[in-house]
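The values are calculated or read from the model by the stated rules, or taken from the named source; none is laboratory data. Since the structure is predicted, the reported quantities are computational estimates derived from the model, not experimental observations. So basically every Cβ, Gly included, is an ideal-geometry build from the backbone, and we count neighbours across all protein chains shown. These area figures cover heavy atoms from the full protein model, side chains too; ligands, DNA and RNA do not enter into them. Shrake-Rupley method; radii C 1.70, N 1.55, O 1.52, S 1.80 Å.
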Amino acid sequence: MRIVFIGSFIALACAPLPAIASNADLPPVGCIVTHTDRLPNADLVDLVGAHFQPTSKGGKVAMTVVSKVVQNCRRTYGWGKPRENAAVQFFSMRVLREDAIERGRRFGLTDGIVTRYVEGLTPDGRAIYAKGGVTPELNRAAFAYLQNVGVKIEGLTPADVQALGQAFNMAIYSEIGEHDAEKAYAGK
């Protein structure tokens, strides 16, 4: 029974599937994303969060599917190791960004809000976020930006403010990581 279950996930990942609208027009660097977008998000987050060494059953199934998809994408696009690595980074960052935005959605966080903020970052601010860091100045600027675009922060509990900040920071980090992966894939 378990083999049939895993086999059905592999068949799902390898079969040509209509992509979800947000992933339909991805360039080749997004091949992994395009062919795994039907897997449960929680399993993909577990997989990426565990650095591709998942411990949950769903994460392990996702790893099997993602491995097969990487092989298929490598054959389809003739990837060498640098492009494969860039595509895996793109996939990881997309999974983390989508999860962060979903966690922040209850506060009003959206893709557009994150994209506009990232576009307005200074090169220094971008570099700090790209390393997974944040400074008090960047945090203040981020929350000022969120208030300016209509995200209601007043009245949130301290735990909610922290949850919103964590989601926004992860969304920023991972969006920058996606852009960096696209550049690496293109050899820039």
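General observations
Conditions (1) surrounded by fewer than 20 Cβ atoms within 10 Å (Cβ to Cβ); (2) closer than 30 Å to Glu154 by Cα; (3) at pLDDT 95 or above; (4) basic (Lys, Arg), marked per residue:
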{"residue": "Val65", "(1), (2), (3), (4)": "no, no, yes, no"}
{"residue": "Asn72", "(1), (2), (3), (4)": "yes, no, yes, no"}
{"residue": "Lys81", "(1), (2), (3), (4)": "yes, no, yes, yes"}
{"residue": "Asn85", "(1), (2), (3), (4)": "yes, no, yes, no"}
{"residue": "Phe90", "(1), (2), (3), (4)": "no, no, yes, no"}
{"residue": "Arg105", "(1), (2), (3), (4)": "yes, yes, yes, yes"}
{"residue": "Ile113", "(1), (2), (3), (4)": "yes, yes, yes, no"}
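- Cβ separations smaller than 7 Å between residues 6+ apart or across chains give no pair from the range 59-78 residues that are on the phi < 0 side of the Ramachandran plot to residues that are open to solvent by 80 Å² or more (accessible area, probe 1.4 Å).
- When the range 49-63 is limited to residues that are in a loop (DSSP other than H, G, I, E, B) and not aliphatic (A, V, I, L, M), the one that is least open to solvent (accessible area, probe 1.4 Å) turns out to be Pro54.
- Just one of the numbered conditions (1) within 21 Å of the chain's Cα centre (by Cα); (2) surrounded by 15 or more Cβ atoms within 10 Å (Cβ to Cβ); (3) among the hydrophobic types (A, V, I, L, M, F, W, C); (4) more than 28 Å from Thr36 (Cβ to Cβ) is not true of Val151: (1).
Here's the yes/no breakdown for (1) open to solvent by less than 40 Å² (accessible area, probe 1.4 Å); (2) modelled with pLDDT of 95 or more:
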{"site": "Ile128", "(1), (2)": "no, yes"}
{"site": "Gly132", "(1), (2)": "no, no"}
{"site": "Ala141", "(1), (2)": "no, yes"}
{"site": "Ala159", "(1), (2)": "no, yes"}
{"site": "Ala163", "(1), (2)": "yes, yes"}
{"site": "Ile172", "(1), (2)": "yes, yes"}
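- In the range 143-157 there is no residue matching the filter, namely being in contact with an Asp or Glu (Cβ under 7 Å, 6 or more places away or on another chain) and either modelled with pLDDT under 95 or closer than 23 Å to Val48 by Cβ (or both).
- Consider the range 21-37 and keep the residues that are surrounded by 14 or more Cβ atoms within 10 Å (Cβ to Cβ) and more than 14 Å from the chain's Cα centre (by Cα). The one that is farthest from Tyr185 (Cα to Cα) is His35.
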